[in-house]
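The values are calculated or read from the model by the stated rules, or taken from the named source; none is laboratory data. From a predicted model like this one, the values you see are computed outputs, not experimental measurements. Cβ atoms come from the backbone with ideal geometry, glycine included; neighbour counts cover every protein chain shown. Accessible surface is based on the protein model in full, side chains and every heavy atom, while ligands, DNA and RNA are left aside. Shrake-Rupley method; radii C 1.70, N 1.55, O 1.52, S 1.80 Å.
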Amino acid sequence: MPVPVPRCPGVRTKLPVLGWLPRYSGAWLQLDLVAGLTVGLTVVPQALAYAEVAGLPPEYGLYSSFMGCFIYCFLGTAKDVTLGPTAIMSLLVSSYAFHEPVYAVLLAFLSGCIQLAMGLLHLGFLLDFISCPVIKGFTSAASVTIGFSQVKNILGLQGIPRQFFLQLYEMLRRIGETRVGDAVLGLACLAALAGLRAMKSRLPQAAPAAPLAARISHLIVWTSATARNALVVLSAGLVAYSFQALGSQPLTLTGSIPQGLPAFRLPRFSVAAPNGTVPFQSMVEDMGVGLAVVPLMGLLETIAIAKAFASQNGYRIDPNQELLAIGFANILGSFVSSYPITGSFGRTAVNAQSGVCTPAGGLVTGALVLLSLAYLTSLFYYIPKAALAAVIVSAVLPMFDAGIFRTLWRVKRLDLVPLCVTFLLCFWEVQYGIVAGVLVSGILLLYSIARPPVKVSEGDVLLVQPGSSLHFPAVERLRDTVCSRALAAASPPRSVILDCCHISSIDYTVVVGLAELLRDLRRHGRSLAFCGLQDPVLQVLLAAELEGFQHFPTREEAERCGGAELGGSGAAPLTSETSLLPAGLIQ
């Protein structure tokens, strides 16, 4: 049952938990427990694996996996969303935290502050300026980068650089050093994960009237397929423990993980270095553009996931409330040594498929992570790195959307430009790819504003119809189009009708350009009439008191008047006392 977004004023607007908590029931509790446990079995192995992607010790993946669950329960507006470490965010942390936990935790704190400020200022609309081709290009490149970064662990290779092209070169050069045990186990885990994923996608719904044995079998298969990450990692750990007991170890293991909960304390605002202490200002300068990229991508992932699942389940979300939730989660997460977190598409899907009813399912997930940190870290020693690498590869493969290239080719080929620019440059540096993609998308948007479609119809009068609103970059093109057609040598003298039915707004520069157009046509014995003006545009033009301005409610009336008979409903003559235009335009 979907959880409605509270609409009451006051505190309920900022505390969505008060919208569903008073109506909480025992039936919801049962479903939330099942969903929370299922997601918890998924998040623990993924957290260990994503810490490797971020270039941090494995315990930091677990440190990043529980605070977001607790915070989102109180502040989130989507019942399905789970916050925690993700593949994309881990890749960004690897780029901007320099594999230093102190930098990663400080990055989480600063990102949370930026996200919280954006939520308080209602700046969620800024995400609308990141186009879908840019997002698709980034996520596709990230899936390839993250997937290749784990091949070295599947092959058991050590000392491979993290830069993509160097990494690819070194792996090909040292392919002969592959550890057979790691390779066999890694490929087996990949096959098992793919098989369990396919099994779940083809599993039919269990009929309520089916025999008890059939329903139990369905539950076992569904649980095994849903918690496939935990099942595969547990099986691989048992294999590694068996080898250890026999006195030989052909696998590369995760190793020791500190046991116990992280201390609750402020993030460190300086770090010790061999030649002294790096102050806060220098740390911020080192992270550079990451302080913009990390918060924006975190928000983008969370809001996109929340909107997707909210639309599927028939309820609404508040984007600015989501900003507050992710901001608080990152700020408080940094107090327990978390690196930046965001919404996880894979775990959110598991949450939704498990039948979660409210965000309270996150409390169960967070509690399971805390129990793992407190009591199970000694068992994590035996988890093979190849198994964790297989979990990551299996998680990021669906992120690569090969079909988007074919779709854009059919729909709008120009959108392939920001997609390809983002995709290719992300292999060099993530920030360059995102920034370049946004810039290219902005340039294409500005070009469409500067060159709107203009339809010109020949006849007794010249009918000109702009296809969209006019803004200052477009007025010169409109003037050139009208003058070149109306004043052509081979063209008989005729008047011009400007059909403005598609124009909903104009700016001052457009008013100046129209005044110059009226003057040019009048100098050559032509007249210009406007028709179909919407009220806001008409009011602006009347206030400007353009000399010779005349307008008609419809195109038909303007065409009936025709030629020299145009007139009658224009503004008063332009005077220097009331004009909104520069004096140089007054004749």
| remark: Of those in the stretch 314-330 that are over 30 Å from Leu106 (Cβ atoms) and not hydroxyl-bearing (Ser, Thr, Tyr), the residue surrounded by the most Cβ atoms within 10 Å (Cβ to Cβ) is Arg316
| Would you pick out the residues in the stretch 257-276 that are over 35 Å from the mean Cα position of the chain (by Cα) and open to solvent by 100 Å² or more (accessible area, probe 1.4 Å)? | Pro274, Asn275
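In the set Val464, Val456, which member is open to solvent by less than 10 Å² (accessible area, probe 1.4 Å), of a type in the set (Val, Ile, Thr) and without any contact (Cβ under 8 Å) to a residue 40 or more places away in the chain? Full working, then the answer.
Details: Val456 fails: open to solvent by less than 10 Å² (accessible area, probe 1.4 Å).
Residue meeting the stated conditions: Val464.
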| Hits in the stretch 50-100 (condition: among the small types (Gly, Ala, Ser), at pLDDT 90 or above and under 21 Å from Phe380 (Cα atoms)) | Ala51, Ala54, Gly55, Gly61, Ser64, Ser65, Gly84, Ser90
| query | Out of the residues in the stretch 332-343 that are among the aliphatic types (A, V, I, L, M) and over 20 Å from the mean Cα position of the chain (by Cα), which is surrounded by the fewest Cβ atoms within 10 Å (Cβ to Cβ)? | reply | Leu332
| message | Is it the case, given these coordinates, that Leu41 is touching a residue at least 40 places away in the same chain (Cβ under 8 Å) and either assigned to a helix (DSSP H, G or I) or of a type in the set (Phe, Trp, Tyr) (or both)? | response | yes
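I need the full set of residues from the stretch 26-44 which are of a type outside the set (Asp, Glu) and open to solvent by less than 30 Å² (accessible area, probe 1.4 Å), in order please. Working first, answer last.
Taking the stretch 26-44 as the starting set, the residues that turn out to be of a type outside the set (Asp, Glu) are 26-31, 33-44.
Trp28, Ala35, Gly36, Thr38, Val39, Gly40, Thr42, Val43, Val44 - these are the residues of the stretch 26-44 that are of a type outside the set (Asp, Glu) and open to solvent by less than 30 Å² (accessible area, probe 1.4 Å).
Picking from Ile449, Ile434, Ile497, which residue would you name as being within 40 Å of the chain's Cα centre (by Cα), β-branched (Val, Ile, Thr) and under 22 Å from Leu533 (Cα atoms)? Working first, answer last.
Details: Ile434 fails: under 22 Å from Leu533 (Cα atoms); Ile497 fails: within 40 Å of the chain's Cα centre (by Cα).
Exactly one of Ile449, Ile434, Ile497 is within 40 Å of the chain's Cα centre (by Cα), β-branched (Val, Ile, Thr) and under 22 Å from Leu533 (Cα atoms), namely Ile449.
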| request: State all residues of the stretch 1-26 that are in a helix (DSSP H, G or I) and at pLDDT below 85; if no residue qualifies, say none. | output: Val11, Arg12, Thr13, Lys14
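Yes or no, residue by residue, for (1) touching a residue at least 24 places away in the same chain (Cβ under 8 Å); (2) over 24 Å from Ser90 (Cα atoms); (3) open to solvent by 60 Å² or more (accessible area, probe 1.4 Å); (4) out of contact with any helix residue (DSSP H, G or I) (no Cβ under 8 Å at 6 or more places or on another chain):
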position: Phe345; (1), (2), (3), (4): yes, no, yes, no
position: Val364; (1), (2), (3), (4): yes, no, no, no
position: Ile383; (1), (2), (3), (4): yes, no, no, no
position: Thr407; (1), (2), (3), (4): no, yes, no, yes
position: Phe423; (1), (2), (3), (4): yes, no, no, no
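Is the stretch 196-209 home to any residue that is assigned to a helix (DSSP H, G or I), surrounded by fewer than 12 Cβ atoms within 10 Å (Cβ to Cβ) and among the polar types (S, T, N, Q)? It would help to see each step written out before you state the result.
To start, the set of residues in the stretch 196-209 that are assigned to a helix (DSSP H, G or I) comprises 196-201.
Cutting the leftovers down to surrounded by fewer than 12 Cβ atoms within 10 Å (Cβ to Cβ) gives us 198, 201.
From what's left, among the polar types (S, T, N, Q): 201.
Yes, there is a match, as at least one residue in the stretch 196-209 is assigned to a helix (DSSP H, G or I), surrounded by fewer than 12 Cβ atoms within 10 Å (Cβ to Cβ) and among the polar types (S, T, N, Q).
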| message | Any residue that is modelled with pLDDT under 75 and within 50 Å of the chain's Cα centre (by Cα) - is there at least one of those in the stretch 532-551? | response | no
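Can you find a residue in the stretch 239-246 that is within 16 Å of Pro101 (Cα to Cα) and among the aromatic types (Phe, Trp, Tyr)?
Going residue by residue through the stretch 239-246, those that are within 16 Å of Pro101 (Cα to Cα) are none.
No: zero hits.
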| task | List the number of the failed condition for Val482; all other conditions in (1) open to solvent by 20 Å² or more (accessible area, probe 1.4 Å); (2) of a type in the set (Val, Ile, Thr); (3) more than 33 Å from the chain's Cα centre (by Cα) hold. | result | (1)
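Could you look through the stretch 534-558, keep only residues that are assigned to a loop (DSSP other than H, G, I, E, B), within 18 Å of Ser495 (Cα to Cα) and not polar (S, T, N, Q), and pick out the one that is most open to solvent (accessible area, probe 1.4 Å)? Walk me through it before giving the result.
Going residue by residue through the stretch 534-558, those that are assigned to a loop (DSSP other than H, G, I, E, B) are 534, 545-550, 553-554.
Filter once more, keeping what is within 18 Å of Ser495 (Cα to Cα): 546-550, 553-554.
Checking which are not polar (S, T, N, Q) leaves us with 546-549, 553.
Numbers: Leu546: 2, Glu547: 65, Gly548: 45, Phe549: 6, Pro553: 96 Å².
Selected residue: Pro553.
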| Would you call Ser311 modelled with pLDDT under 95, among the hydroxyl-bearing types (Ser, Thr, Tyr) and either surrounded by 15 or more Cβ atoms within 10 Å (Cβ to Cβ) or under 30 Å from Arg197 (Cα atoms) (or both)? | yes
| Subset of the stretch 119-139 that is open to solvent by less than 20 Å² (accessible area, probe 1.4 Å) and more than 20 Å from Phe427 (Cβ to Cβ) - its residue that is modelled with the lowest pLDDT | Leu127
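Looking at the stretch 52-65, which of its residues are over 9 Å from Ala87 (Cα atoms) and either without any contact (Cβ under 8 Å) to a residue 60 or more places away in the chain or in contact with a Gly (Cβ under 9 Å, 6 or more places away or on another chain) (or both)? Let's see the steps before the verdict.
Step one: list which residues in the stretch 52-65 are over 9 Å from Ala87 (Cα atoms), which gives 52, 55-65.
Glu52, Pro58, Gly61, Tyr63, Ser64, Ser65 - these are the residues of the stretch 52-65 that are over 9 Å from Ala87 (Cα atoms) and either without any contact (Cβ under 8 Å) to a residue 60 or more places away in the chain or in contact with a Gly (Cβ under 9 Å, 6 or more places away or on another chain) (or both).
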| said: Filter the stretch 45-74 down to the residues that are among the aliphatic types (A, V, I, L, M) and open to solvent by 20 Å² or more (accessible area, probe 1.4 Å) and list them by number. | reply: Met67, Ile71
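Pick out the one residue from Val105, Val184 that is at negative phi and without any contact (Cβ under 8 Å) to a residue 12 or more places away in the chain.
On the way: Val105 fails: without any contact (Cβ under 8 Å) to a residue 12 or more places away in the chain.
Going through Val105, Val184 in turn, just one is at negative phi and without any contact (Cβ under 8 Å) to a residue 12 or more places away in the chain: Val184.
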| query | Got a number for residues in the stretch 210-254 being touching a helix residue (DSSP H, G or I) at 6+ places or on another chain (Cβ under 6 Å), assigned to a loop (DSSP other than H, G, I, E, B), among the hydroxyl-bearing types (Ser, Thr, Tyr) and open to solvent by 50 Å² or more (accessible area, probe 1.4 Å)? | reply | 0
| remark: Counting only residues that are open to solvent by 30 Å² or more (accessible area, probe 1.4 Å) and touching a residue at least 60 places away in the same chain (Cβ under 8 Å), the stretch 140-157 contains a total of 2
| said: Condition (residue is more than 20 Å from Leu48 (Cβ to Cβ) and either in contact with a helix residue (DSSP H, G or I) (Cβ under 9 Å, 6 or more places away or on another chain) or open to solvent by less than 20 Å² (accessible area, probe 1.4 Å) (or both)) applied to the stretch 82-93: is it met by at least one residue? | reply: no
